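What follows is a set of notes on a single structure, which appears directly below.
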Amino acid sequence: MGKGGNQGEGSTELQAPMPTFRWEEIQKHNLRTDRWLVIDRKVYNVTKWSQRHPGGHRVIGHYSGEDATSQITEDFRALKKTAEDMNLFKTNHLFFFLLLSHIIVMESIAWFILSYFGNGWIPTVITAFVLATSQAQAGWLQHDYGHLSVYKKSIWNHIVHKFVIGHLKGASANWWNHRHFQHHAKPNIFHKDPDIKSLHVFVLGEWQPLEYGKKKLKYLPYNHQHEYFFLIGPPLLIPMYFQYQIIMTMIRRRDWVDLAWAISYYARFFYTYIPFYGILGALVFLNFIRFLESHWFVWVTQMNHIVMEIDLDHYRDWFSSQLAATCNVEQSFFNDWFSGHLNFQIEHHLFPTMPRHNLHKIAPLVKSLCAKHGIEYQEKPLLRALLDIVSSLKKSGELWLDAYLHK
């Protein structure tokens, strides 16, 4: 008995207690070169995977099964259930009919202006602004159908989505879906969110400028990016980058359905405006409209994201990851219309299938949940949000310059 007792004591002294890992820590080891796996609350390092059962690998610790994030997740599920009980996922079809109608009315007004007043400079500029407004609003509307937030049956959302983004805008529904769903899954995460893939033109957040600076990468003078942003950001994104990328993507992927929808837009546009301007003039007119719309699109979409945390993936829970990457702009009738209700970016990211006219109703409950868990809920005036884009770019540029010169 005594001998056995001594052996037990000795073995206890030799065996160090197994560490306990939280889920957030385990998720960090989710790479091909460093992968952990949880089975029956035991954590295995399976980086060097073999044909053996994972149990054959060395156990490196235990999963606690307890997380601060687990309570947030449970609370968010309860919040979503509350939203369902409040019928906040129910669509007001009159709302979306009026949105579509006012887009078509603007298209008609544009043609009427040129027909009645002629193609002089003043009517042309006014018409371009009207059509740019129509295009911007069609952009927000296709976003609703793309998120399947209008009709209960997905097929109807897909059909109308193709009509709005294809026939009214000349773009591709499949191209948009591919980009936008990645953005929603991992907003502001490098290598995962295509919306922050800046092609070395800008450095964003804090991690990227430091990395570029340390590696002495200088594709452009990034310490001046808040200045050249005005020259190559808002003016060129849609008329040059998006327009080219959309057309090439449809051709490369042989997406003939989307291409046919896009062709219907261009055919309608040139049929309408070639009589006023000729072929070359109509082409210039189209790109001037794209140029105006691009300013609108860039400022609205970036005011909610580029000013927030932009980093590598920290594997947060859904609620925390969306709050870290999004902020809101104060509500008003103009702000709602101007941004397509993307001033409620936080709520939209948390509930992407919720009709936009209900986002303001869930906002107070989202604020309460943030307060409960000590998560910052950012909301600001429209002008402040727009100015923060420039200050954010300036800050990132300064971080790059410091790292480039001194690290």
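Figures for the structure shown
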| read-out | value |
| --- | --- |
| Restricting segment 142-160 to residues that are part of a helix (DSSP H, G or I) and free of Cβ contacts under 8 Å to residues at least 12 places away in the same chain, the residue that is nearest to Ser108 (Cα to Cα) | Ile159 |
| Any hit, segment 192-211, residues being over 20 Å from the mean Cα position of the chain (by Cα), β-branched (Val, Ile, Thr) and modelled with pLDDT of 95 or more | no |
| Subset of segment 361-387 [crowded, with 16+ Cβ neighbours inside 10 Å and under 23 Å from Lys152 (Cβ atoms)] | Ile362 |
| Subset of segment 119-141 that is without any contact (Cβ under 8 Å) to a residue 40 or more places away in the chain and open to solvent by less than 10 Å² (accessible area, probe 1.4 Å) - its residue that is nearest to Ala282 (Cα to Cα) | Thr127 |
| Hits in segment 316-337 (condition: open to solvent by less than 40 Å² (accessible area, probe 1.4 Å) and of a type in the set (Phe, Trp, Tyr)) | Phe319 |
| Considering residues of segment 45-86 that are part of a helix (DSSP H, G or I) and modelled with pLDDT under 65 only, the residue surrounded by the most Cβ atoms within 10 Å (Cβ to Cβ) | Thr69 |
| Check on Ser294, in contact with a His (Cβ under 8 Å, 6 or more places away or on another chain) and of a type in the set (Gly, Ala, Ser) | no |
| Candidates Ile189, Ile238, Ile246 - the one that is open to solvent by less than 30 Å² (accessible area, probe 1.4 Å) and in contact with a Lys or Arg (Cβ under 9 Å, 6 or more places away or on another chain) | Ile238 |
| Selection from segment 169-186 of residues that are open to solvent by 20 Å² or more (accessible area, probe 1.4 Å) and aliphatic (A, V, I, L, M) | Ala185 |
| Residues (open to solvent by 40 Å² or more (accessible area, probe 1.4 Å) and touching a Lys or Arg at 6+ places or on another chain (Cβ under 6 Å)) located in segment 223-235 | none |
| Some residue of segment 288-296 being more than 23 Å from the chain's Cα centre (by Cα), among the basic types (Lys, Arg) and assigned to a helix (DSSP H, G or I) | no |
| Matching residues, segment 258-289, being open to solvent by less than 20 Å² (accessible area, probe 1.4 Å) and either farther than 21 Å from Val164 by Cα or in contact (Cβ under 8 Å) with a residue 60 or more places away in the chain (or both) | Asp258, Ala262, Tyr265, Phe269, Tyr273, Ala282, Phe285, Ile289 |
| Flag if Leu114 is among the hydrophobic types (A, V, I, L, M, F, W, C), crowded, with 19+ Cβ neighbours inside 10 Å, modelled with pLDDT of 95 or more and touching a helix residue (DSSP H, G or I) at 6+ places or on another chain (Cβ under 7 Å) | yes |
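Okay, residues lined up against (1) under 24 Å from Leu148 (Cα atoms); (2) modelled with pLDDT under 95; (3) in contact with a helix residue (DSSP H, G or I) (Cβ under 6 Å, 6 or more places away or on another chain):
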| position | (1), (2), (3) |
| --- | --- |
| Phe338 | yes, no, no |
| His341 | yes, no, yes |
| Glu347 | yes, no, yes |
| Met354 | yes, no, no |
| Ser368 | no, no, no |
| His373 | no, yes, yes |
| Gln378 | no, no, no |
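The values are calculated or read from the model by the stated rules, or taken from the named source; none is laboratory data. Everything numeric here is computed off the predicted structure, so don't read it as measured data. Reconstructed Cβ throughout: ideal geometry from the backbone, glycine too, with neighbour counts over all protein chains shown. Heavy atoms of the whole protein, side chains included, go into the accessibility calculation; ligands, DNA and RNA do not. Shrake-Rupley method; radii C 1.70, N 1.55, O 1.52, S 1.80 Å.
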